[in-house]
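Engineer: Encoded as structure tokens, here's the structure I'll be asking about.
Any read-out appearing in this document is the output of simple, stated calculations on the displayed coordinates, not a laboratory observation. Because the structure is a prediction, the values reported are computed rather than measured. Neighbour counts run over all protein chains shown; Cβ positions are idealised from the backbone, glycine included.
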Amino acid sequence: MKIREFILVFSVVAMVALLLFKNEPDRSISETNPPAKKTAEPSLPAAFSEMPNPQVSTDFEFATDCDFGTGEVPEPPEKTDGLVLVGKQAYLKNCALCHGVELDGTGDGGRSLIPPPTNLRLSQNFKYGYDPRSIYKTTAYGIEGTGMAPWDDIITPNDMWAIAFYIESHQPR
């Protein structure tokens, strides 16, 4: 009788696992996230007009053997509408997998992280501050004990400033 019960329980667990981990067909960003209300965005400077449509990168590695901590934060460039748009592109490429396309902490890559990724739309959630310099520092050097790895050797300083300005532009006024 115990073997029969074991087989029954094992079968149910296996079915649940198959349902939970079943591969779904790839969906584009537009299919998984309905378009937000259209607002007038500033046009890109001519140098950026050749940029492809943004796609969330799914090519990432978890950080191992990181040196979390502090480092230098260079002086920021002048914040412009064009730089904010560059930040959007860089954010979608590097950050949206965990933090979500809408900056709300609901990206597919962050589902298994403990603690979960920060909702970047709520300023009270930022551990080290939500001004551009603090966002840059967090992006560059990570947050120990979380899934936020240091990106200083991966993302260029200019792109980190652009990302910081993009995230700041989504803070409530």
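Engineer: Taking region 140-163 on its own, how many of its residues are surrounded by 15 or more Cβ atoms within 10 Å (Cβ to Cβ), of a type outside the set (A, V, I, L, M, F, W, C) and closer than 19 Å to K127 by Cβ?
Structural biologist: 6
Engineer: In region 111-134, what residues are buried (at least 19 other Cβ atoms within 10 Å of the Cβ) and within 13 Å of the chain's Cα centre (by Cα)?
Structural biologist: Correct list: P117, T118, L120.
Engineer: Let me ask something additional. Y166: surrounded by 20 or more Cβ atoms within 10 Å (Cβ to Cβ) and more than 19 Å from E78 (Cβ to Cβ), yes or no?
Structural biologist: no
Engineer: Six or more apart or on different chains, Cβ atoms under 9 Å: show the pairs whose first residue is in region 102-115 and within 17 Å of F126 (Cβ to Cβ) and whose second is exposed (fewer than 15 other Cβ atoms within 10 Å of the Cβ).
Structural biologist: Once the first residue is within 17 Å of F126 (Cβ to Cβ) and sits in region 102-115, its partners that are exposed (fewer than 15 other Cβ atoms within 10 Å of the Cβ) give E102/A36; G105/N125; P115/G145.
Engineer: Still on this structure, I have one more. Please verify whether region 78-94 includes one or more residues that are among the hydrophobic types (A, V, I, L, M, F, W, C), in a loop (DSSP other than H, G, I, E, B) and out of contact with any strand residue (DSSP E or B) (no Cβ under 8 Å at 6 or more places or on another chain).
Structural biologist: No, region 78-94 contains no residue that is among the hydrophobic types (A, V, I, L, M, F, W, C), in a loop (DSSP other than H, G, I, E, B) and out of contact with any strand residue (DSSP E or B) (no Cβ under 8 Å at 6 or more places or on another chain).
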